[in-house]
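Accompanying notes for the structure given below.
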Amino acid sequence: MIRKGWKRAGLALGALLLAVLVGCQAVGGFSLDDMILKQLDVKSSESSGTFEIALDWDDAALAQEEPKVAAAIEWFRKIQVRIDRSASDEDGNAYVSGALALSKGEIPFTLQTDKDTVLLDVAGAKRPLVLDMSFDGMMPGLGGTGGENSGAFEDAILKLVREAGSYLVGHLPNPPTVKVDLLASEPIRGVPTDVTKVHAELNGKELGELIPAYLDALVKDEAGLRQLLGSIVKWAAELPPELQEAFGMEAEDWAPTEQELNETVQEILDSFKEAQEELAAAKKDESWNDIFNEGIQFKTDLYVDRSMHIRKTNSELTLSAELFKDSGIPLKGVTIRSSEEIWNVNGDVSVPAIQKPFNAYDLEDLVELKPFQAVKLFDENSVIYQLLKKDLQIDDQEFLLSPDWGVPYVETEDGDVYLPIRETIEQLGGQFLEYDPATKGIRFYDEATRQTLELKVGSANLLVNDKPVAWTNAVEGVDGLAYAEADDLLGTLHAKYSVVEDEYGDYLVVSRDL
């Protein structure tokens, strides 16, 4: 019987092998395999580039959408992440400055990382975001300092990738169109550089043919798989105990017997064969051609220097309208482009130290935020505020009440609708403050409108931010809960409601436009 931990590691490896699809065989004496693996040697570098998604919307279909939806889509005709400068040093520190450029404006940002911290500062944000990325923060319970464990963890992962790299890329077929040209000079950041240009093209139909070819190659190389697993066993056995624990394994999980190793090899091969059978069945289904067809077109140019380091890239992926015909998305096509220039490879790269502001948010702060609170993190004159509040309207609120779901609403014989006060305010992001048994007074706070409500069961008089207000109807007690007439309560909260009757029953929709 295969030990549980070793079996889990082997099956995870099988999934990883199936996830990679890049050409790697030598072309014209130029080893694409060596080029890919050489990138693991990069310790420091600087770069700039762009990643762009151009969306070709069906304007006729968009005209049928609600104005709110159409206004939001106008932001997303083109989405571009522009990196003006990216720098990483040999100590693992990195700095990135750039902007998220949308159709109606751009949002500059800077991102800094070291082994312990990520600092993100977005233009228009009143405070930056800080994430704890220390090893102890990510893997609590291990001894030692975060910096020491982090470095050991990264070194262990890199060594594993090196061990597995040749096998992972060694069986991958080249795309049908691949060409290698030796260029005397290509400008990289304005500096003429001797490079080799690798040009490749692939369409969706060809991709669908490469996947089974890749599986065929894996199934036929049992010896290579066995050698890879042996390398992983050796790598794991040499890990410090605390890192073995970090990977979720006991020491004996990483010391399989020969029988266990044989069984694991066979299980992985069987999973490959099963995938082959599933692919063969899938290719007979008409949906295969909907996915893997010539409506997908990919082409790329890689410029590689004499040290086999990639120094420049240009890539483009196009998706035709045919791919979106049954999606319900009004798109006529999508084009994805990326480009990058890389310099100072393994050179002396300067990365500024992180200066953590005392008022920075951490991830826990953001996770707890409600949408209307998140909008308030940004300056009202900023592009991101315009996007989130004015066009996406992420702070708008809506919830449902039904006699059949949770706390119900009540409809009187006269047709008046009464809402549970606490449930309504809490669904809108407010909170119950206190109940005074002596006076039967109840206090609530509605954060979105910054209002404190003080009311009593049996009375139509209340205080809103300490100012007297008279409702049309008194607050009623129903089954131990305080209810208010819908127009009274929602009028004070700047909300509204509607009653819906459909196949799911009768329910009430409460909404608020902030």
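The values are calculated or read from the model by the stated rules, or taken from the named source; none is laboratory data. All figures in this text were calculated on a predicted structure; none of them were measured in a lab. As a convention, Cβ positions derive from the backbone with ideal geometry for all residues, glycine included, and neighbour counts pool all protein chains shown. Each accessible area value is taken on the protein alone, full model and side chains, heavy atoms only, with ligands, DNA and RNA left out. Shrake-Rupley method; radii C 1.70, N 1.55, O 1.52, S 1.80 Å.
Six or more apart or on different chains, Cβ atoms under 6 Å: show the pairs whose first residue is in segment 493-511 and touching a residue at least 40 places away in the same chain (Cβ under 8 Å) and open to solvent by 50 Å² or more (accessible area, probe 1.4 Å) and whose second is part of a strand (DSSP E or B) and of a type outside the set (S, T, N, Q).
Pairs that qualify, where the first residue is touching a residue at least 40 places away in the same chain (Cβ under 8 Å) and open to solvent by 50 Å² or more (accessible area, probe 1.4 Å) and the partner is part of a strand (DSSP E or B) and of a type outside the set (S, T, N, Q), are 497/508; 497/510; 499/508.
Checking residue 400 against (1) surrounded by fewer than 19 Cβ atoms within 10 Å (Cβ to Cβ); (2) free of Cβ contacts under 8 Å to residues at least 60 places away in the same chain, which test does it fail?
So the condition that residue 400 fails would be (2).
Restricting to segment 204-233, name every residue that is in contact with a Gly (Cβ under 8 Å, 6 or more places away or on another chain) and touching a residue at least 60 places away in the same chain (Cβ under 8 Å).
Correct list: 204, 229.
Given 375, 351, which one is among the aliphatic types (A, V, I, L, M) and closer than 16 Å to residue 428 by Cα?
375
Quick check on this structure: which one of 155, 132, 121 is open to solvent by 50 Å² or more (accessible area, probe 1.4 Å), farther than 30 Å from residue 202 by Cα and modelled with pLDDT of 85 or more?
Among 155, 132, 121, only 121 is open to solvent by 50 Å² or more (accessible area, probe 1.4 Å), farther than 30 Å from residue 202 by Cα and modelled with pLDDT of 85 or more.
Would you mention how many residues in segment 41-72 are assigned to a loop (DSSP other than H, G, I, E, B) and in contact with a His (Cβ under 9 Å, 6 or more places away or on another chain)?
1
For segment 264-281, enumerate the residues that are under 16 Å from residue 228 (Cα atoms) and surrounded by 17 or more Cβ atoms within 10 Å (Cβ to Cβ).
Within segment 264-281, 264, 265, 268, 269, 272 meet the criteria.
Among the residues in segment 382-391, are any open to solvent by less than 60 Å² (accessible area, probe 1.4 Å) and modelled with pLDDT under 90?
Within segment 382-391, one or more residues are open to solvent by less than 60 Å² (accessible area, probe 1.4 Å) and modelled with pLDDT under 90.
Does residue 445 satisfy the condition of being aromatic (Phe, Trp, Tyr) and in contact (Cβ under 8 Å) with a residue 12 or more places away in the chain?
Considered against the rule, which asks whether it is aromatic (Phe, Trp, Tyr) and in contact (Cβ under 8 Å) with a residue 12 or more places away in the chain, residue 445 comes out as yes.
Tally up the residues in segment 101-115 that are surrounded by 19 or more Cβ atoms within 10 Å (Cβ to Cβ) and assigned to a loop (DSSP other than H, G, I, E, B), please.
Summing the residues that are surrounded by 19 or more Cβ atoms within 10 Å (Cβ to Cβ) and assigned to a loop (DSSP other than H, G, I, E, B) in segment 101-115 gives 1.
Any residue that is open to solvent by 40 Å² or more (accessible area, probe 1.4 Å), free of Cβ contacts under 8 Å to residues at least 24 places away in the same chain, at negative phi and part of a helix (DSSP H, G or I) - is there at least one of those in segment 369-380?
no
Taking the criterion of being at pLDDT 80 or above, in a helix (DSSP H, G or I) and loosely packed, with under 14 Cβ neighbours inside 10 Å, would at least one residue in segment 246-259 satisfy it?
Yes, some residue in segment 246-259 is at pLDDT 80 or above, in a helix (DSSP H, G or I) and loosely packed, with under 14 Cβ neighbours inside 10 Å.
Among residues belonging to segment 471-496 that are assigned to a strand (DSSP E or B) and among the acidic types (Asp, Glu), point out the one that is farthest from the chain's Cα centre (by Cα).
Taking the candidates together, the pick is 476.
I need the full set of residues from segment 472-492 which are among the charged types (D, E, K, R), more than 16 Å from residue 444 (Cα to Cα) and open to solvent by less than 50 Å² (accessible area, probe 1.4 Å), in order please.
Within segment 472-492, just 485 meets the criteria.
Does residue 238 satisfy the condition of being loosely packed, with under 13 Cβ neighbours inside 10 Å, over 30 Å from residue 342 (Cα atoms) and acidic (Asp, Glu)?
Taking the combined requirement at face value, the residue satisfies it.
Kindly check whether there is at least one residue in segment 300-317 that is without any contact (Cβ under 8 Å) to a residue 60 or more places away in the chain, out of contact with any strand residue (DSSP E or B) (no Cβ under 6 Å at 6 or more places or on another chain) and crowded, with 17+ Cβ neighbours inside 10 Å.
no
If I ask for residues that are over 18 Å from residue 499 (Cα atoms) and open to solvent by 70 Å² or more (accessible area, probe 1.4 Å), which ones from segment 403-432 would you list?
Hits for segment 403-432 are 422, 426, 431.
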